[in-house]
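Worksheet: one structure, shown below.
The values are calculated or read from the model by the stated rules, or taken from the named source; none is laboratory data. All values derive from a computational prediction rather than experimental measurement. In this analysis, Cβ positions are derived from the backbone assuming ideal geometry, glycine residues included, and neighbour counts consider all displayed protein chains. Remember, those area values only see protein heavy atoms, side chains included, never the ligands or the DNA or RNA. Shrake-Rupley method; radii C 1.70, N 1.55, O 1.52, S 1.80 Å.
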Amino acid sequence: MKRINVDIIVGTRPNFMKAAAIFSVPHTFNNLYLRLIHTGQHYDAEMVDIFFEQFKLPAPVCCLEVGSGTHAVQTGEIMKRYEQWVQNNRPDLCLVVGDVNSTAACAIVCAKERIRLGHVEAGLRSFDRSMPEEINRIITDSIAELLFASEPSAVQNLRREGHGSYIYFVGNVMIDTLFRMRPQVELLSMHRNFGLKKKGYAFVTLHRPSNVDDPHSLKEVCEQLKYLSERMPVVFPIHPRTRKYLQLNGWEEKFSAMAGFHLLDPIGYLESLSLVLDSQLVITDSGGLQEETTVLNIPCLTFRDNTERPITIEQGTNTLIKRNWNLFRECLERIERGTYLQSDTRIPLWDGHAAERILKICSEQ
Ligand code: UD1
């Protein structure tokens, strides 16, 4: 059987749980040789190292060490450095995950070097081109040859865009990792470390440029968090991007002085999922958390105008707040009264075996 060298690209925090699903598939596909490539888009220990430890990911065979920069600088640097790796160590196939700059940059390199390219989480669309991630999704899907879709809307989007025989509906690798790690997560009960009651606090994560970069948007969001903290304790691990803007606009100091806030540095996957699991509700702008709360049946209020993951609204516990702060307050009341949405637990193919399906298809290339 021909050996197939597969590069798997990671670069940012949400990539690690997706790659972890792929690396944890039992060694059934003996012809696949998986090589982890880390672009270095994220580099702080709490954004990277902790995930390698918790997921027991293998050490990357190559670190591109690109670091931060404008979109063009970051994307260009990844392309230059990954191209060199590809020319010296030619993979037979490359798998990119998600929608970050590392995803699109490595996809472009592969397309030009004529390396077969698979996109995990293909077809998701917010239809909002002001989001850098939407541009990355469109670029990557337009040049990938294996499109691995996580939900039915993604399959529809890809069909509408004219992709035919390359679409594979495989399920959700993020949820593979959730199922695998859940027993460890349940042992943690992280909320006790903060003296909080189970189901008696809100868990908050925010990092999108549309929420945090602009001082006016940030002010609106922070005013709502202040309102929330007057009703229940708020646990808020802060992304480096968010911390920069909270500090710049004086909000970190204000929140620190308020009794209801627990402001944390970025935390690991196990700690984060433990805090989600025992929370009364989650407020987020992350894609992954919309999916995880859907599976865990936890109310999720998403501070965005749109979502590329509509199944979390159709079948899950997710509500898009769209800067409608009356809606936000109504949702809070419903959550407190116990009359908020419940998840339908039968999400097609979110069954813990998506990565297995992906590798089976790769092994047959
Ligand atoms: C990136 C992704 C976003 C994803 C997010 C998850 C793109 C365009 N965006 O956004 O889709 O949801 O990761 O976290 O790829 N920084 C640090 N330490 C780090 C990494 C970043 O301090 O380890 C700071 C730097 O000031 C940097 C800023 O965070 O300039 C933003 O980092 P960047 O990688 O550009 O984008 P994210 O906001 O993290």
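Which members of segment 13-49 meet the condition of being among the basic types (Lys, Arg) and within 14 Å of the ligand (Cβ to nearest atom)?
First pass over segment 13-49, keeping only residues among the basic types (Lys, Arg): 13, 18, 35.
Correct list: ARG13, LYS18.
Which one of SER153, SER142, SER102 is crowded, with 19+ Cβ neighbours inside 10 Å and either touching a Leu at 6+ places or on another chain (Cβ under 6 Å) or not hydrophobic (A, V, I, L, M, F, W, C) (or both)? I'd like the intermediate steps shown before the answer.
Values: SER153 fails: crowded, with 19+ Cβ neighbours inside 10 Å; SER142 fails: crowded, with 19+ Cβ neighbours inside 10 Å.
Going through SER153, SER142, SER102 in turn, just one is crowded, with 19+ Cβ neighbours inside 10 Å and either touching a Leu at 6+ places or on another chain (Cβ under 6 Å) or not hydrophobic (A, V, I, L, M, F, W, C) (or both): SER102.
Can you list residue pairs whose Cβ atoms sit under 8 Å apart, with the first residue in segment 137-153 being part of a helix (DSSP H, G or I) and the second being modelled with pLDDT under 95? Count only pairs 6 or more apart in sequence or on different chains.
Pairs that qualify, where the first residue is part of a helix (DSSP H, G or I) and the partner is modelled with pLDDT under 95, are ASP141/HIS163; PRO152/PRO348.
Can you pull out the residues in segment 116-136 that are crowded, with 19+ Cβ neighbours inside 10 Å, in contact with an Asp or Glu (Cβ under 9 Å, 6 or more places away or on another chain) and outside any helix (DSSP H, G or I)?
Passing the criteria: LEU117, GLY118, HIS119, GLU121, ALA122, GLY123, LEU124, ARG125, SER126, MET131.
Does GLU186 satisfy the condition of being open to solvent by 70 Å² or more (accessible area, probe 1.4 Å), outside the structural domain of SER130 (by TED's automatic domain parsing) and farther than 25 Å from THR307 by Cα?
Yes.
Taking segment 1-52 on its own, how many of its residues are farther than 23 Å from GLN84 by Cβ and either in contact (Cβ under 8 Å) with a residue 24 or more places away in the chain or part of a loop (DSSP other than H, G, I, E, B) (or both)?
Going residue by residue through segment 1-52, those that are farther than 23 Å from GLN84 by Cβ are 1-2, 13-14, 16-18, 20-32, 44-47, 49-52.
Remaining after also requiring either in contact (Cβ under 8 Å) with a residue 24 or more places away in the chain or part of a loop (DSSP other than H, G, I, E, B) (or both): 1-2, 13-14, 16-18, 20-32, 44, 46-47, 50-52.
Within segment 1-52, residues that are farther than 23 Å from GLN84 by Cβ and either in contact (Cβ under 8 Å) with a residue 24 or more places away in the chain or part of a loop (DSSP other than H, G, I, E, B) (or both) number 26.
For segment 62-72, which residues satisfy the criterion of being surrounded by 13 or more Cβ atoms within 10 Å (Cβ to Cβ) and more than 10 Å from the ligand (Cβ to nearest atom)?
Scanning segment 62-72 gives CYS62, CYS63, LEU64.
Just checking: which of the helices (runs of 4 or more DSSP H) contained wholly in segment 265-365 hold 1 or more residues that are in contact (Cβ under 8 Å) with a residue 12 or more places away in the chain and surrounded by fewer than 22 Cβ atoms within 10 Å (Cβ to Cβ)?
Details: elements: 269-277, 287-296, 311-314, 325-337, 354-363.
Because the criterion is at least 1 residues that are in contact (Cβ under 8 Å) with a residue 12 or more places away in the chain and surrounded by fewer than 22 Cβ atoms within 10 Å (Cβ to Cβ), the helices (runs of 4 or more DSSP H) in segment 265-365 that meet it are 269-277, 287-296, 325-337, 354-363.
For segment 43-61, what are the residues that are out of contact with any Pro (no Cβ under 8 Å at 6 or more places or on another chain) and either open to solvent by 40 Å² or more (accessible area, probe 1.4 Å) or among the small types (Gly, Ala, Ser) (or both)? Spell out how you get there, then give the answer.
Step one: list which residues in segment 43-61 are out of contact with any Pro (no Cβ under 8 Å at 6 or more places or on another chain), which gives 43, 45, 48-61.
Correct list: TYR43, ALA45, ASP49, ILE50, GLU53, LYS56, PRO58, ALA59, VAL61.
Can you say whether CYS94 is more than 13 Å from the ligand (Cβ to nearest atom), on the phi < 0 side of the Ramachandran plot and not basic (Lys, Arg), as far as the supplied structure shows?
yes
Which one of these is under 21 Å from the mean Cα position of the chain (by Cα) and within 20 Å of PHE194 (Cβ to Cβ): VAL276, VAL295? Don't jump to the end; show me each part of the working.
Working: VAL295 fails: within 20 Å of PHE194 (Cβ to Cβ).
None of the other options fit; the residue is VAL276.
So that you can scan it fast, the table gives a plain yes or no per residue for (1) of a type in the set (Asp, Glu); (2) assigned by TED's automatic domain parsing to the domain that holds ASP305; (3) closer than 27 Å to GLU151 by Cβ:
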| position | (1), (2), (3) |
| --- | --- |
| GLU46 | yes, no, no |
| THR75 | no, no, yes |
| TRP85 | no, no, no |
| ASN89 | no, no, no |
| LEU95 | no, no, yes |
| CYS110 | no, no, yes |
| HIS119 | no, no, yes |
| ALA122 | no, no, yes |
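Just give me the residues in segment 225-251 being within 15 Å of the ligand (Cβ to nearest atom), more than 15 Å from TYR201 (Cβ to Cβ) and open to solvent by 10 Å² or more (accessible area, probe 1.4 Å), in sequence order.
Across segment 225-251, the qualifying residues are HIS239, PRO240, ARG241, ARG243, LYS244, TYR245, GLN247, LEU248.
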